[in-house]
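Here is the structure we will look at.
The values are calculated or read from the model by the stated rules, or taken from the named source; none is laboratory data. Computed from a predicted structure; not experimentally measured. Ideal geometry is used to build each Cβ from the backbone, glycine not excepted, and the neighbour counts take in all protein chains shown. In case anyone asks, the SASA skips ligands and DNA or RNA and just uses the protein heavy atoms, side chains included. Shrake-Rupley method; radii C 1.70, N 1.55, O 1.52, S 1.80 Å.
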Amino acid sequence: MNSIYFFVCSSNEFIGQNWNNLSFLELFFQGSDRFTNLGGIKRKPCNFLIHYHFLPCEHRQRSVLALEDSAIDADQVENLIKFCPTKEEMDLIKGYTGDKEKLGKCEQFFLELMKVPRVESKLRVFSFKIQFHTQVSDLRSSLNVVNSAAEQVRNSAKLRRIMQTILSLGNALNQGTARGAAIGFRLDSLLKLTDTRARNNKMTLMHYLCKVLADKLPELLDFSEDLTSLEPASKIQLKFLAEEMQALSKGLEKVVQELSMSENDGAISENFSKILREFLRFAEAEVRTLASLYSAVGRNVDALILYFGEDPARCPFEQVISTLLNFVRMFNKAHNENCKQLEQEMKKMAESEKSKMAPNESERLLHTPIQSGNVK
């Protein structure tokens with residue numbers, strides 16, 4: 001009986017497979033009379049990868065050298081990187097003196113990859129190229145959101161007047177004390193407006209602020225419409241944007257390095273070098289523009305924090321945005337509650353007026369003489 005080898009596959013690889021498909025079973029059981037399998041080769045994931053995710057070996061080589069992102073997607077390239085042959089595996093295949101046509105699928109796969117100089121480096125450059133547009137687009141979008149939020153807050157005249165009103169209310173409450181003539185307040189004090197209650201415990205300072213504005217400055221009540229970028233900005237962390245910017249810069253450095261080495265590979269990397277050179281010219285311009293935007297956003301973020309009298313080193317952008325967004329939500333909630341309370345009070349007054357009018361109307365009818373002309 002011919003010997004067979006079995007490689008253990010992770011449970012995820014079994015999910016959703018059609019077990020009537022014999023070609024899938026061939027991945028697990030291959031007769032030694034059909035293929036020559038070299039010991040020490042990481043066959044387990046490799047055969048599965050070859051069979052289910054890629055074109056024939058020679059097509060893969062051409063796709064990599066031509067940087068054809070239409071033929072292989074980013075996930076497939078990452079899998080290729082993961083299963084690139086090690087130095088030991090390459091030495092093992094190079095030392096094989098038999099008929100290479102009879103090598104197993106995994107060995108054939110490695111043999112084809114080995115024809116590409118520095119194949120792992122080229123694959124990493126390929127992966128960077130495939131994901132470059134999405135990475136740049138996502139980073140630019142996030143930077144624009146942060147920029148927009150910072151500018152909206154600083155440019156909102158309505159928010160500024162509300163802040164002035166809060167300061168006036170605070171000074172009025174603290175009149176006669178050391179805090180009664182303040183020229184400003186900490187940003188996090190905005191969130192304490194709901195903690196300060198009236199003596200009857202029925203109204204907070206936030207509710208009173210909304211009432212004052214509704215009576216005296218109703219045009220300020222919709223100030224949140226000036227700050228539409230607050231919520232999307234609250235989902236962004238600047239440290240991740242910094243990491244993305246750094247990853248793009250490092251990725252370009254890898255491209256430059258591989259391009260320099262590929263130009264000495266000869267004919268096999270000629271097309272690769274040509275395409276990579278064109279991509280590099282485009283990518284460098286994009287990253288320069290992005291770096292300029294990133295620097296401008298950093299300046300705007302610092303200006304926003306300083307606008308509230310805070311220290312950029314101690315009060316991060318995320319804290320400022322979170323505080324303002326929570327203030328907006330608390331303000332709108334308090335204003336809506338005031339409106340509902342006013343509506344209920346108006347309804348009660350109307351009912352009270354109606355009940356007062358009813359007895360008077362009955363009395364009037366009793367004293368109204370009946371006209372004889374009205375009786376038939």
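Within a Cβ distance under 10 Å of F128, other residues only, what is the Lys/Arg minus Asp/Glu net charge?
So the surrounding residues net to +3.
Short-range pairs are left out: with C-alpha atoms under 8 Å and at least six residues apart, the relative contact order of segment 133-250 is 38 percent.
Distances between placed amide hydrogens fall under 5 Å for L103 paired with T36, all partners being 5 or more residues away or on another chain.
Under a 1.4 Å probe, what is the accessible area of segment 183-294 per residue, stated in Å²?
Working: 6850 Å² over 112 residues.
Ligands and nucleic acids excluded, the result is 61 Å² per residue.
Per the 1.4 Å probe, what fraction of the accessible area of segment 220-313, in percent, lies on carbon and sulfur atoms? About 51 percent, which is the carbon plus sulfur part of the accessible surface. By the compact-protein rule of thumb, 2.2 N^0.38 Å, the alpha-carbon radius of gyration of segment 232-340 corresponds to a ratio of 1.73.
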